[in-house]
Amino acid sequence: MSALPDTTFSQRALAAVFSFAGVMHFVIPRTYEAIMPPYLPAHHELVLISGIAEIVGGLAVIPPSTRSFARWWLIALLIAVFPANLHLAINPGDVKGFDPDRIPEWLLWARLPGQLLFIYWVWRATRPRPA
């Protein structure tokens, strides 16, 4: 029997992925700050805010009563962080500390449609289940 009986494996995995990613914004904030587009202000603060947003969204997936909130919150978050992923794909040489020998360029571009897969996963995992 699951310790979280009202959740599916996909919901628990989604909660874990977003919560872990959110915590990492506090553990290694400079990594996230480095990929921020230069036109955005307050990189450090935005990284911390997005970390909190990921943790909140991840945890909101677990209780059935907050899943609808989690769905829209996480989809909005994935759309909001898209410019940073796009900036990294277009300007990998401008990103401080980025080593193009460690991460192939195709992977940076693959992350962009990968965002759509994450959005689909969020949508699927948090949709209401039939009674």
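The values are calculated or read from the model by the stated rules, or taken from the named source; none is laboratory data. Since we're looking at a predicted model, the values are computed, not measured. Every residue, glycine as well, gets a Cβ built from its backbone with ideal geometry; the counts of neighbours run over all protein chains shown.
Among the residues of the range 92-116, those identified as surrounded by fewer than 10 Cβ atoms within 10 Å (Cβ to Cβ) and either part of a helix (DSSP H, G or I) or charged (D, E, K, R) (or both) are G93, K96, D99, D101, R102, W106, P113.
Hey, any hits in the range 121-131 for a residue that's within 19 Å of S19 (Cα to Cα), under 13 Å from the mean Cα position of the chain (by Cα), at pLDDT 95 or above and not charged (D, E, K, R)? The answer is yes, given that some residue of the range 121-131 is within 19 Å of S19 (Cα to Cα), under 13 Å from the mean Cα position of the chain (by Cα), at pLDDT 95 or above and not charged (D, E, K, R). Filtering the range 12-63 to residues that are outside any loop (DSSP other than H, G, I, E, B), of a type in the set (V, I, T) and surrounded by 18 or more Cβ atoms within 10 Å (Cβ to Cβ) leaves V47, I55, V56.
Identify, from the list A60, A34, the residue that is of a type in the set (A, V, I, L, M) and within 27 Å of R129 (Cα to Cα).
From the options A60, A34, the qualifying one is A60.
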